[in-house]
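The values are calculated or read from the model by the stated rules, or taken from the named source; none is laboratory data. Small disclaimer: the values here were computed from a predicted structure and weren't measured. Reconstructed Cβ throughout: ideal geometry from the backbone, glycine too, with neighbour counts over all protein chains shown. For the accessible areas, the whole protein counts, side chains as well, though only heavy atoms, and no ligand, DNA or RNA atoms are used. Shrake-Rupley method; radii C 1.70, N 1.55, O 1.52, S 1.80 Å.
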Amino acid sequence: MPNDQLHEQQRQLTQYVEQLVKRHFPTLTAEDARREGHYVVMGFFSIGVGVEMKRRENMTSLFMSMLAAFIQIVDTHYNKLFNTHLTTFEQDFF
């Protein structure tokens, strides 16, 4: 979602990272810096940093449906390999 629609904590973190990106890579466009800010924050989430920030509430409905489909695909293959499904805890890390 655009920065102005994010939860306050995530908005602040995203803007902070965006400022760091602009400072270290001044030739990037504002849009590229914004994208990088979002990408870094999502990277934090993927390694378990900041997941308590209600990150899924900041995702668009289209992205959420794509994520749910991706989790289903991973779970199907996981089940074929290990004869068990992903736990809710494991799914939450996506």
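In region 63-77, the residues that are surrounded by 12 or more Cβ atoms within 10 Å (Cβ to Cβ) form Cβ pairs under 6 Å with partners that are not aromatic (Phe, Trp, Tyr), at six or more places apart or across chains, as follows: Ile71/Gln91; Asp75/His85; Asp75/Leu86. Taken together, Glu31, Glu18 contain a single residue that is among the acidic types (Asp, Glu) and open to solvent by 70 Å² or more (accessible area, probe 1.4 Å), which is Glu31. When Arg23 is tested against (1) open to solvent by less than 70 Å² (accessible area, probe 1.4 Å); (2) out of contact with any Gly (no Cβ under 9 Å at 6 or more places or on another chain), exactly one condition is not met: (1). Pairing residues of region 12-26 that are touching a residue at least 40 places away in the same chain (Cβ under 8 Å) and within 16 Å of Gly43 (Cβ to Cβ) with residues that are open to solvent by less than 50 Å² (accessible area, probe 1.4 Å) and outside any helix (DSSP H, G or I), at Cβ distances under 7 Å and at least 6 apart in sequence or on separate chains, gives Leu13/Gly50.
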